Amino acid sequence: AGILLGLALYAIGAFLFWPAAQYEIFNFFLVSLYILTFGLAFLETTANPYILAMGDPQTATRRLNFAQSFNPLGSITGMFVASQLVLTNLESDKRDAAGNLIFHT
C-alpha cells in the first residue's frame, strides 16, 4: 500500500507541474515539487524493507546497496537529458534590434 501511495503522490506532483506552468505562479511550482518529493520519500522508505525481504538475509545489505546505487545514476541521466532536450530550446535570452528580450510562448 505504501508503494502505491508513493507512486500516486509522485504522479500527482508531476502532473501538477502542467497547471503550474500555465498559471506561472512560483508557489504552485513549490507545492507541486513538495508533493512529488513527498511521494518519492514514500517510495524510497517503503521499497527498502521490500528489497530486504526479497531473498536470502545474508545478501540483504548487498541488494539494498545495489538498488540504492541506481538513484544517483538516474539523477545524472535525468539532468543530462534535460540539458540536451529542454535547455537547448529556450530562447528567452534572445534580443531584437532594439535590445528588448524576445519571449516565445
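The values are calculated or read from the model by the stated rules, or taken from the named source; none is laboratory data. Remember, predicted model here, so these are calculated numbers, not experimental data. A quick note on method: Cβ atoms are made from the backbone with ideal geometry, for glycine too, and the neighbour counts reach across all protein chains shown.
The table below lists the values:
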{"item": "Those residues of the stretch 1-50 which are loosely packed, with under 15 Cβ neighbours inside 10 Å, within 30 Å of Thr61 (Cα to Cα) and among the small types (Gly, Ala, Ser), in sequence order", "result": "Ala1, Gly2, Ala8, Ala11, Ala41"}
{"item": "The lone exception for Thr59 - which of (1) surrounded by 10 or more Cβ atoms within 10 Å (Cβ to Cβ); (2) modelled with pLDDT under 90 it fails", "result": "(2)"}
